[in-house]
Amino acid sequence: MQLDWANEWHKKREEYFWTKKLKEKGMTNEDYWDQRPDEIYEAHENIINYPGAILEKMNPFLVREAKALDIGAGSGAYTIPFAKIAREVIVVEPSKGQIRRLTKKAEGLNNIKIINKRWEEVNREELEEYDLVNAAYCFAMPDIKEA
């Protein structure tokens, strides 16, 4: 019998504390981030030093001519450092609250383009070729097969 990995993914995700909490509150992931106060979010980011060492490992892949794609960019933890080096950064982010935070942090940077959609909703025509693709929260996808 062959294991259905997409189904296993779904079952494990349903057991996850975060998923249960959102379901109890009748919220989507986007709802949560749209309603989260900026101060709490920023304090949390500072405490955990996100993205920290992960970003340091990615930096050698960025050059001035690079074009980067940041899927599920959130408030820009990767987007902002990418934009300070790369020629252009394309962001795919469904949460209006996160986009607001990202835009605030990106003040003075003019090489960021935002696509306000879930990754699954992005049309191939909206995308190009990229030198670096980041999907830091891909493990949080509710339907891995669809994504």
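How many nm is it between the label spots at residue 133 and residue 24, if each spot is 7 Å from the Cα in line with the beta carbon?
Distance between the two pseudo-spin positions: 3.6 nm.
Helix 38-48: angle to the longest alpha-carbon principal axis of the chain, degrees 0 to 90, nearest 10?
The helix 38-48 is inclined about 90 degrees to the chain.
What lysines could a cross-link reach from residue 23, if we take a straight Cα to Cα line under 26 Å and drop same-chain neighbours fewer than 8 places away?
11, 12, 96, 117, 145
Find, among the GluC sites (Glu not before Pro) in the range 46-92, those assigned to loop by DSSP (not H, G, I, E, B) with at most 12 other beta-carbon atoms within 10 angstrom.
Qualifying residues, ordered by number: 65.
Within 10 Å, at most 15 other Cβ atoms, and a DSSP state outside H, G, I, E, B define an exposed site. Report the longest part of the chain free of exposed trypsin sites (Lys or Arg not before Pro).
The reported range is 1-63.
Calculate, in nm to one decimal, what residue 120 and residue 7 gain on full extension: separation in residues at 0.36 nm each, minus their alpha carbon distance.
Here the segment from residue 120 to residue 7 would lengthen by 38.9 nm.
Once both axes come from the Cα atoms, what is the angle between helix 96-105 and the longest principal axis of the chain, in degrees from 0 to 90, rounded to 10?
Computed tilt is about 30 degrees.
If the reach is capped at under 18 angstrom between alpha carbons, list the lysines near residue 57, excluding any in the same chain fewer than eight residues apart.
Cross-link targets: 67, 84.
No lab work stands behind these numbers, since they all come straight from the coordinates. Fair warning: this is a prediction, and the values are worked out from it, not measured in the lab. Because the Cβ atoms are built from the backbone with ideal geometry, glycine has one as well, and the counts that use them run over all protein chains shown.
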